[in-house]
Each structure stands twice: as C-alpha cells, then as structure tokens.
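The values are calculated or read from the model by the stated rules, or taken from the named source; none is laboratory data. Quick caveat, the model's predicted, so the values are computed rather than measured. Note: ideal-geometry Cβ built from the backbone for every residue, glycine included; neighbour counts use all protein chains shown.
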Amino acid sequence: MSEKNDHIEESISISFIVDSIKDWVSFIFSKKRIIIRGTIIIMILIISYNYIKSPVHYARTTFVLDNDTSSGSMGDLSSLASLAGINASSFIEASSLFQIDNIQELYRSSSMLKNTLLSSAKINDKEILIIERFAKAEKLINKWRKLGINLEDFKNKKLSRLQDSLIKESIKLIKKEYLLVDKPSRKTTILEIGFIHKDELLAKSFNENLVSIVNKFYFDTKTLKTGANLEILKKQSDSVKNVLNESILVLAEKDQNIPYLNALDKISLIPYQKAMIDVQVNSAIYGEIVKQLELAKVTHRNNMPLIQIIDKPILPLENSRWKLLKTFFLSFIIGVSSIILGLSFKRIINYEQN
C-alpha cells in the first residue's frame with residue numbers, strides 16, 4: 001500500500017512539473033512581442049556600446065629563451081680543456097642568476113620599465129619619448145604642468161627628484177594595469193610579454209622597446225665576464241706575440257754575429273744560447289695563451305643566450321572589440337535571456353503576492 005502511495009505522489013509531482021513548464025512556455029509565448037522588442041533594444045545598446053567605446057589594444061611578444069649550457073656545452077668545454085691541458089673550471093661558472101623565473105622578474109623591474117619610459121620611439125613619423133606618449137594617453141600633462149614639470153624636461157639626462165617621483169608613479173600604474181609577463185607553460189622556456197592600452201601605437205612601441213632593452217641587458221650581463229676575459233687574453237696574446245717576434249729577431253742577430261762558429265769557444269756561444277732560451281720560453285708562453293684564448297672563445301660563444309622571437313606586435317593589434325557577427329550573436333543571446341528572466345521573475349513575484 002505504501003509503495004502504491006509513493007507511486008501516486010511521484011506521478012503527481014511529475015505531472016505538476018510538466019504542467020508548470022507548459023504554463024511557463026505559454027506565458028513566454030504570450031509575451032513574445034515584449035521579448036522581441038526588448039531583445040532588439042538590448043542588441044542595439046550592446047552593438048552601439050561595442051563600437052562607440054575605445055577598445056583596449058594588446059601588444060604581445062613571445063620568444064624562446066635557450067639558456068641551457070649545463071650539459072652539451074659543458075661537455076664540449078671539458079673535452080677541449082682536457083686536450084689543451086687546461087683546467088676548465090676556471091672558465092665555467094654554474095650560476096642560476098638568469099633562470100627563466102628571474103627573467104620574468106627582470107621584465108617587471110622598475111629599472112627596466114624606467115629605461116623603457118625614457119627611451120624613444122618613432123610614432124606617426126615623429127621621434128618622441130615613450131613617457132611623452134604615455135602622459136598624453138593617461139591625460140597627465142596638465143597635472144604634471146601644475147607641478148612644474150613639462151614633457152620636454154624628461155629629455156635631460158639628469159632627472160630631478162620630482163621627475164623620478166612621477167616616473168615611479170607611472171611605473172606603479174603600468175605594473176598594475178597594463179603590463180603582462182607570463183610563461184604559458186612551466187615545461188617550456190617560452191615567455192610572453194604583453195602591454196595592453198587604449199592607445200594602440202603606445203602599446204606597440206612600449207612592448208617593443210621593453211623587450212629590446214631587457215633582452216640586451218640580459219645578453220650583455222650573461223656575456224660580461226667571459227667577454228672581459230676574452231679581451232684580456234687577446235691583449236696578452238698580442239703582447240706575448242710581439243715579445244716572441246722581438247726575441248726571434250735578437251736570436252737572428254746573435255746568429256749573424258757568429259759567422260765562423262768555433263765549437264771550443266764556449267763564451268762566444270752564451271749570447272746566442274740566451275737568445276735561444278728566450279725564444280723557447282716565449283714560444284711556450286704564447287702557445288699556452290693561445291690555448292686559453294681558444295677555450296675562452298668557446299666559453300664566450302656558449303654563454304651567449306639564444307633569444308628567438310616567435311611572435312611580435314604587428315599593426316593592427318588585437319583588441320577587445322568584438323567582431324560584428326560575434327557581437328550580433330552574443331547580444332541576441334543576452335537580450336533574449338535577460339527579457340525572459342525578467343518576465344519570469346516578475347511572474348513569480350506576482351504569483352507569490354496573489
């Protein structure tokens with residue numbers, strides 16, 4: 001008997017739900033004119049807003065960074081060092097200063113952003129500072145003028161305390177609102193540097209200058225020690241070679257001064273033997289320096305990071321404005337859904353009040 005009652009209650013519940021859905025569908029169809037008019041109005045508003053508002057432009061640069069010198073290159077250096085009889089540890093420094101995560105922080109650093117703001121770019125066939133374009137886009141010119149700062153003042157190499165303060169405020173705004181530094185996958189060494197702004201040319205110029213400045217700083221820093229070592233060895237090599245050439249010339253002169261060599265005259269052979277020793281010593285020193293020079297060249301080449309640009313910003317930039325077909329489709333869905341939900345809520349409220 002209990003099972004029969006449960007079955008009857010379940011049938012009544014399903015029947016009630018079906019009847020409620022039918023009533024709701026009938027109600028919606030009875031309001032089709034309101035739904036059509038409301039949907040059209042909402043579509044017009046959304047489409048108008050999409051094309052009237054200023055879109056946000058996205059300048060993006062992606063590049064791959066290959067900084068793995070810990071396996072293949074280290075093995076090559078060790079092999080070459082062994083053949084040359086040199087301890088390769090004096091040239092190889094296992095440093096984690098510029099791992100991929102550190103590069104990301106370098107792009108967010110205030111010094112790099114400051115250098116970018118003070119760098120110049122060609123915009124509309126005119127060479128201007130990035131900070132000038134940024135101040136105009138952010139409508140900061142009048143505010144800065146009231147503080148006694150003109151845009152031309154930033155062209156001076158020595159900045160005032162107030163100028164540094166304004167740059168710091170600009171950097172804070174850039175970090176918070178506009179700068180994007182991302183690593184799409186933790187398993188790769190691909191970096192994505194982005195800059196979003198309503199000013200399309202500013203976004204493109206800032207992105208390009210920032211990537212150029214940071215990558216150059218990274219490249220120069222990575223090769224600073226090996227480059228300095230290479231220059232020192234080159235100078236030493238040239239210096240020792242000159243000394244060797246002079247010692248060879250002296251040996252030739254001493255040889256000419258003994259045209260009829262007497263094997264029993266030992267004293268007359270001393271200048272010649274000294275000159276011969278100098279040549280042999282200088283030759284050995286020069287050979288050792290040449291070995292170290294070649295090893296230093298290999299080390300320097302291996303320390304040069306590979307920075308390969310994959311994508312770079314090209315006009316017109318990607319922006320937040322929807323395409324016409326997408327705008328029409330989404331505005332239609334939003335319009336119909338909004339009107340139907342509104343009518344449904346109104347019906348529920350009226351039902352509860354009655």
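At a glance:
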item: In the stretch 26-78, residue modelled with the lowest pLDDT [restricted to those that are among the basic types (Lys, Arg) and loosely packed, with under 14 Cβ neighbours inside 10 Å]; result: Lys53
item: Lone qualifier among Asp199, Asp182 - being at pLDDT below 90, under 19 Å from His57 (Cα atoms) and of a type in the set (D, E, K, R); result: Asp182
item: Per-region count, the stretch 210-222, residues out of contact with any strand residue (DSSP E or B) (no Cβ under 6 Å at 6 or more places or on another chain) and either surrounded by fewer than 18 Cβ atoms within 10 Å (Cβ to Cβ) or within 27 Å of Lys126 (Cβ to Cβ) (or both); result: 9
item: Neighbours by Cβ (under 7 Å, 6+ apart or cross-chain): first from the stretch 227-250, free of Cβ contacts under 8 Å to residues at least 40 places away in the same chain; second in a helix (DSSP H, G or I) and aliphatic (A, V, I, L, M); result: Ser247/Ala275; Ser247/Val279; Ile248/Val279; Val250/Ala275
item: Those residues of the stretch 302-327 which are exposed (fewer than 14 other Cβ atoms within 10 Å of the Cβ), in a helix (DSSP H, G or I) and not aliphatic (A, V, I, L, M), in sequence order; result: Lys326
item: Top-ranked residue in the stretch 213-262 [being under 34 Å from the mean Cα position of the chain (by Cα) and of a type in the set (S, T, N, Q); ranked as farthest from Ser119 (Cα to Cα)]; result: Asn229
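Here's the yes/no breakdown for (1) closer than 22 Å to Lys216 by Cβ; (2) surrounded by 13 or more Cβ atoms within 10 Å (Cβ to Cβ); (3) assigned by TED's automatic domain parsing to the domain that holds Thr62:
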position	(1), (2), (3)
Arg108	yes, yes, yes
Ile123	yes, yes, yes
Leu129	yes, yes, yes
Arg145	no, no, yes
Gln163	no, yes, yes
Lys176	no, no, yes
Arg186	no, no, yes
Thr189	yes, yes, yes
Ile193	yes, yes, yes
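Residues are listed down the side, and each one gets a yes or a no for (1) within 20 Å of Leu202 (Cα to Cα); (2) within 28 Å of the chain's Cα centre (by Cα); (3) in a strand (DSSP E or B):
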| position | (1), (2), (3) |
| --- | --- |
| Ile128 | yes, yes, yes |
| Glu132 | yes, yes, no |
| Trp144 | yes, no, no |
| Gly148 | no, no, no |
| Glu152 | yes, no, no |
| Leu159 | no, yes, no |
| Ile174 | yes, yes, no |
